[in-house]
């Protein structure tokens with residue numbers, strides 16, 4: 001049977017995987033397996049200031065302990081920077097240099113009465129102020145009807161976003177010289193043939209920007225499924241920044257302590273056999289794949 005589905009899990013090596021990361025990994029893995037597709041692993045290590053030495057090795061080991069095996073070779077974004085430079089050059093007509101620091105952007109918003117907004121105020125859109133040097137490179141978003149993007153999420157349904165009103169001109173290459181997530185993820189997904197993206201709902205807001213980049217670069221748009229994110233007791237997204245702990249200590253019962261709770265969070269109904277502590281991981285995954293197929297809508301036209 002030819003492969004028509006290709007998904008991926010793309011963690012950042014800023015620390016070990018926590019429970020929220022496991023939920024995202026499990027969702028993408030189950031969706032790929034339910035569609036008889038491929039599941040790739042990509043390490044998104046472009047934020048060099050936040051990378052933790054050895055975290056990528058820990059992530060790989062935790063996925064293996066969970067019984068999640070990827071297809072093909074693991075890729076690291078840090079080895080693909082030439083692709084991002086090529087994409088930036090292709091986008092040249094829509095890119096402008098920006099000299100603004102974060103403080104200057106905040107001050108500009110304040111002067112414009114937009115202190116509650118996170119949108120770039122357009123200071124350098126038509127050229128940098130005299131005597132200023134470029135700090136970052138931004139993508140000019142369209143105005144009017146061209147700024148309105150619509151897409152269907154497999155779980156959340158039809159989504160609408162006005163890039164001009166809701167986002168503003170966004171960064172492709174940061175002031176510290178690092179490539180921005182929005183550009184790198186679009187370039188990598190296309191280069192790897194990813195046609196189905198399953199990830200946390202915290203990235204739902206990024207999707208319209210990525211679709212706009214796909215259009216400008218002449219790249220295909222994959223299907224999207226955003227799953228609910230895990231939050232802590234304060235209602236914050238579970239993350240390393242909010243103190244999330246690793247789910248894998250190296251010798252704990254991952255089936256009981258991590259995999260079954262993650263499946264439960266995703267709303268999967270498993271039989272009592274899958275809840276047996278002595279049960280092998282292979283049986284858990286067999287049942288989880290079936291439960292996923294019943295719980296989540298499939299990709300139209302996928303095998």
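The values are calculated or read from the model by the stated rules, or taken from the named source; none is laboratory data. Being a predicted model, the structure only gives us computed values, none of them experimental. Cβ coordinates were reconstructed from backbone atoms using ideal geometry, including for glycine residues, and neighbour counts include every protein chain displayed.
Among the residues of region 63-93, write down those that are part of a helix (DSSP H, G or I), more than 22 Å from residue 183 (Cα to Cα), in contact (Cβ under 8 Å) with a residue 40 or more places away in the chain and over 19 Å from the mean Cα position of the chain (by Cα).
Initial filter on region 63-93 (part of a helix (DSSP H, G or I)): 63-65, 77-79, 81-90, 92-93.
Still in the list and also more than 22 Å from residue 183 (Cα to Cα): 63-65.
So of that shortlist, the ones also in contact (Cβ under 8 Å) with a residue 40 or more places away in the chain come out as 63, 65.
Listed by number, the list holds a single entry, 65.
Can residue 213 be described as more than 25 Å from residue 23 (Cβ to Cβ) and either part of a helix (DSSP H, G or I) or touching a helix residue (DSSP H, G or I) at 6+ places or on another chain (Cβ under 9 Å) (or both)? If you could, list the steps in order and put the result at the bottom.
Working: more than 25 Å from residue 23 (Cβ to Cβ): yes; either part of a helix (DSSP H, G or I) or touching a helix residue (DSSP H, G or I) at 6+ places or on another chain (Cβ under 9 Å) (or both): yes.
It is true that residue 213 is more than 25 Å from residue 23 (Cβ to Cβ) and either part of a helix (DSSP H, G or I) or touching a helix residue (DSSP H, G or I) at 6+ places or on another chain (Cβ under 9 Å) (or both).
Do the conditions hold for residue 140, that is, is it closer than 29 Å to residue 89 by Cα, assigned by TED's automatic domain parsing to the domain that holds residue 94 and free of Cβ contacts under 8 Å to residues at least 40 places away in the same chain?
Answer is no for this residue.
Going by the structure shown, is residue 39 at pLDDT 95 or above, in contact with a helix residue (DSSP H, G or I) (Cβ under 8 Å, 6 or more places away or on another chain) and part of a strand (DSSP E or B)?
In short, yes.
Among the residues of region 179-212, count how many are crowded, with 19+ Cβ neighbours inside 10 Å, more than 19 Å from residue 27 (Cα to Cα) and touching a residue at least 24 places away in the same chain (Cβ under 8 Å).
The number of residues fulfilling the criteria is 13.
Is there a residue in region 219-226 that is more than 15 Å from the chain's Cα centre (by Cα) and not in a helix (DSSP H, G or I)?
Looking for residues that are more than 15 Å from the chain's Cα centre (by Cα) and not in a helix (DSSP H, G or I), one finds at least one in region 219-226, hence yes.
For residue 74, which of the numbered conditions (1) buried (at least 18 other Cβ atoms within 10 Å of the Cβ); (2) closer than 17 Å to residue 185 by Cα fails to hold?
Evaluating residue 74 over (1) buried (at least 18 other Cβ atoms within 10 Å of the Cβ); (2) closer than 17 Å to residue 185 by Cα leaves (1) as the failure.
In this structure, is residue 260 in contact with a helix residue (DSSP H, G or I) (Cβ under 8 Å, 6 or more places away or on another chain) and either exposed (fewer than 13 other Cβ atoms within 10 Å of the Cβ) or in a helix (DSSP H, G or I) (or both)?
yes
Considering region 1-26 alone, what residues qualify as being part of a helix (DSSP H, G or I) and either touching a helix residue (DSSP H, G or I) at 6+ places or on another chain (Cβ under 6 Å) or more than 14 Å from residue 69 (Cα to Cα) (or both)?
Within region 1-26, 19, 20, 21, 22, 23, 24, 26 meet the criteria.
Among (1) more than 30 Å from residue 184 (Cβ to Cβ); (2) at pLDDT 90 or above; (3) surrounded by 15 or more Cβ atoms within 10 Å (Cβ to Cβ), there is one condition residue 279 misses while meeting the rest; what is its number?
The failed condition is (2).
Applying the selection to region 136-145, what residues are assigned to a helix (DSSP H, G or I) and under 21 Å from residue 123 (Cα atoms)? Break it down stepwise before answering.
Keep residues of region 136-145 that are assigned to a helix (DSSP H, G or I), which gives 144-145.
Correct list: 144 only.
On the basis of being under 16 Å from the mean Cα position of the chain (by Cα), assigned to a strand (DSSP E or B) and closer than 22 Å to residue 146 by Cβ, does residue 172 make the cut?
yes
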